[in-house]
Amino acid sequence: MCTVLPKLICLGAVFIFLFVQSGALDCYICVSSLDANGDACIDPIDTSVVTTVNCESIIDPNGAPRSIVVPICAKLAFTSANVTITERGCMFKNKVNEDTCSILESELTNHQQIDAFECKTCSNDLCNTF
């Protein structure tokens, strides 16, 4: 099983890597702890290095149909055991005003102690630079 840092990486990678590329919404995609240029993912983001992903036709990892969820861009930063990880990529938002960040924070804290958590979402191309 995962230790604290690998568990953070495992859970965080779920955020970004459970997706299939295609469509119209583009987001920056990176994980500071996994990418070769991981420092480019942290604030301020280095958009000349960080890659982008097209999210519009992404498959929801929970199998929810497109009539229920829409892709959004997101940026997460969380700290556990004195390790901070920043991630950017695509997420899904329930069309019924679901607070996607609260749900993700709950999922992360169910698996380990999170000392700090920041999550922001947006719905315009390449908007997850905050």
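The values are calculated or read from the model by the stated rules, or taken from the named source; none is laboratory data. Keep in mind that this is a model prediction, so the values were computed, not measured. Quick reminder, even Gly has a Cβ in these numbers, built from the backbone with ideal geometry, and neighbours come from all protein chains shown.
Listed by first and then second residue, the pairs linking a residue in the range 111-123 that is closer than 14 Å to Pro71 by Cα to a residue that is among the aliphatic types (A, V, I, L, M), with Cβ atoms under 7 Å apart and 6 or more places separating them unless they lie on different chains, are Lys120/Ala74; Thr121/Ile72; Thr121/Ala74; Thr121/Met91; Cys122/Ile72; Ser123/Ile72.
Among the numbered conditions (1) in a loop (DSSP other than H, G, I, E, B); (2) under 21 Å from Ser32 (Cα atoms); (3) free of Cβ contacts under 8 Å to residues at least 60 places away in the same chain, the only one that Lys75 does not meet is (1). Only one of the listed residues (Ile59, Ile16, Ile9) is among the aliphatic types (A, V, I, L, M), in a loop (DSSP other than H, G, I, E, B) and at pLDDT below 80. That residue is Ile59.
Taking the range 104-126, which residues are under 24 Å from Ala24 (Cβ atoms) and either part of a helix (DSSP H, G or I) or basic (Lys, Arg) (or both)?
Scanning the range 104-126 gives Leu104, Lys120.
Only one of the listed residues (Asn110, Asn128) is surrounded by 14 or more Cβ atoms within 10 Å (Cβ to Cβ) and at negative phi. That residue is Asn128.
Among the residues that make up the range 69-82, is at least one of them over 14 Å from Cys27 (Cβ atoms), under 14 Å from the mean Cα position of the chain (by Cα) and buried (at least 19 other Cβ atoms within 10 Å of the Cβ)? Walk me through it before giving the result.
Narrowing the range 69-82 to residues over 14 Å from Cys27 (Cβ atoms): 69, 77-82.
Okay, now just the ones that are also under 14 Å from the mean Cα position of the chain (by Cα), so 77-78.
After this cut, where a residue has to be buried (at least 19 other Cβ atoms within 10 Å of the Cβ) as well, the list is 78.
The answer is yes; a qualifying residue exists.
Being over 20 Å from Thr100 (Cβ atoms) and at pLDDT below 95 holds for only one residue in Ala36, Ala64, Ala24, and it is Ala36.
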